[in-house]
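Reading through the structure tokens given below for one structure.
The values are calculated or read from the model by the stated rules, or taken from the named source; none is laboratory data. As the structure is a prediction and not an experimental result, all values here were calculated from the model. All Cβ positions, glycine included, derive from the backbone under ideal geometry; neighbour counts span all protein chains shown.
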């Protein structure tokens, strides 16, 4: 049974939950936890009661472990462990008398954080007595293309029908991060600039294949069809009141029209990882999310300019689906468009624009992409060799701009995150890496 070291220590100091029925006790504790998941005006008042109720739920699950299917038990434990890790970080930092909320800890962010967690806990409670499906179980092995470390960069291949097209990228190095001059030119918010400092030379020494495009709706639908996997549902979007969590959005209905060749959005990082696990199971290859250094190197496509096409926006409508006049006319967001015209008010079919120098499409704009890394706001001491960044909490890192992003957030150096491991938006999608043999 899954338990983190921190949770084992906390459980050792706590009494068992008494309940007439262990499973009923779990459901009751999850309902109580869901009831606490609302923004209370500041971080401490919000997350301190959530932490208490999450611990009560964890103890109830521990007591009922023999009455819950092993797969569901592991899923529930892991989900509560993620929530507790977030709570512990927030409660600890906000208890400091000198604490000042950061750029990612605004009331808007925090309100959405707890709203999506509330839905996650409610969905988990509803499905408590059903086994949690293993997306790798019973899947036929289709085989894979023989692509090795010696395969020439630029080689395009696919491991099967309706699976992502992959392209082998070269090894090499690049300079990641931004300069003060770039920040001034693009008017980057002062409280976000440190995310992109210092400039680092990163090196990718292991050959990789990247998906040429973001994973499409049709490709994700094939995964759902063959595995019966259930997504959580709900995503953040922009409406008249701002950026809010909408529990009715899904990957099939993200708030705007889409076709099978559009990038799938409104999914969480763990749903993206489930898709990668399924691909690995049916092909025998290793599919995964890229890490930040790999993405940064691949996104630049052999350049070291602000955007992979240059240092200005003049050519953006040739290379990227941005927040342009065609989007502004439909959406009327509170920031100005880039005055260009690409014809797509929301997402666009993948590969509608020109690729970068490595043959990768939509590396900025269209859909933003989940990384394998946990969020580290400052990379001054991070490894620069393609290693995964491990943060203090499982907050997902996302890279690349999206269809509704303003110019400063289309820069390759742009880094940001959402401080909730349950985050899904109708701006975020999936790009994959396949390890070579």
Q: Determine which member of the set 116, 190 is surrounded by 20 or more Cβ atoms within 10 Å (Cβ to Cβ) and either over 30 Å from residue 225 (Cβ atoms) or not assigned by TED's automatic domain parsing to the domain that holds residue 380 (or both).
A: 116
Q) Counting only residues that are out of contact with any helix residue (DSSP H, G or I) (no Cβ under 9 Å at 6 or more places or on another chain) and outside any helix (DSSP H, G or I), which one in the range 57-103 is nearest to residue 28 (Cα to Cα)? A) 69
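Suppose we filter 35, 52 for residues that are closer than 25 Å to residue 374 by Cα and either surrounded by fewer than 22 Cβ atoms within 10 Å (Cβ to Cβ) or free of Cβ contacts under 8 Å to residues at least 40 places away in the same chain (or both); which single one remains? I'd like the intermediate steps shown before the answer.
Values: 35 fails: closer than 25 Å to residue 374 by Cα.
Exactly one residue qualifies, and that residue is 52.
Restricting to strands (runs of 3 or more DSSP E) lying wholly in the range 377-436: which have 2 or more residues that are touching a helix residue (DSSP H, G or I) at 6+ places or on another chain (Cβ under 6 Å)? Can you show your working first?
On the way: elements: 396-399, 415-417, 433-435.
Fully inside the range 377-436 and qualifying: 396-399.
Yes/no per residue for (1) over 30 Å from residue 386 (Cβ atoms); (2) out of contact with any strand residue (DSSP E or B) (no Cβ under 6 Å at 6 or more places or on another chain):
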residue: 291; (1), (2): no, no
residue: 301; (1), (2): no, yes
residue: 304; (1), (2): no, no
residue: 317; (1), (2): yes, yes
residue: 323; (1), (2): yes, yes
residue: 327; (1), (2): yes, yes
residue: 339; (1), (2): yes, yes
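Given the options 377, 394, name the one that is in contact with a strand residue (DSSP E or B) (Cβ under 7 Å, 6 or more places away or on another chain) and not assigned by TED's automatic domain parsing to the domain that holds residue 103.
Numbers: 377 fails: in contact with a strand residue (DSSP E or B) (Cβ under 7 Å, 6 or more places away or on another chain).
From the options 377, 394, the qualifying one is 394.
Residues checked against (1) touching a strand residue (DSSP E or B) at 6+ places or on another chain (Cβ under 6 Å); (2) crowded, with 16+ Cβ neighbours inside 10 Å; (3) in the same structural domain as residue 386 (by TED's automatic domain parsing):
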| site | (1), (2), (3) |
| --- | --- |
| 186 | no, yes, yes |
| 194 | no, no, yes |
| 207 | no, yes, yes |
| 210 | yes, yes, yes |
| 215 | no, yes, yes |
| 220 | no, yes, yes |
| 234 | no, yes, yes |
| 239 | no, no, yes |
| 245 | yes, yes, yes |
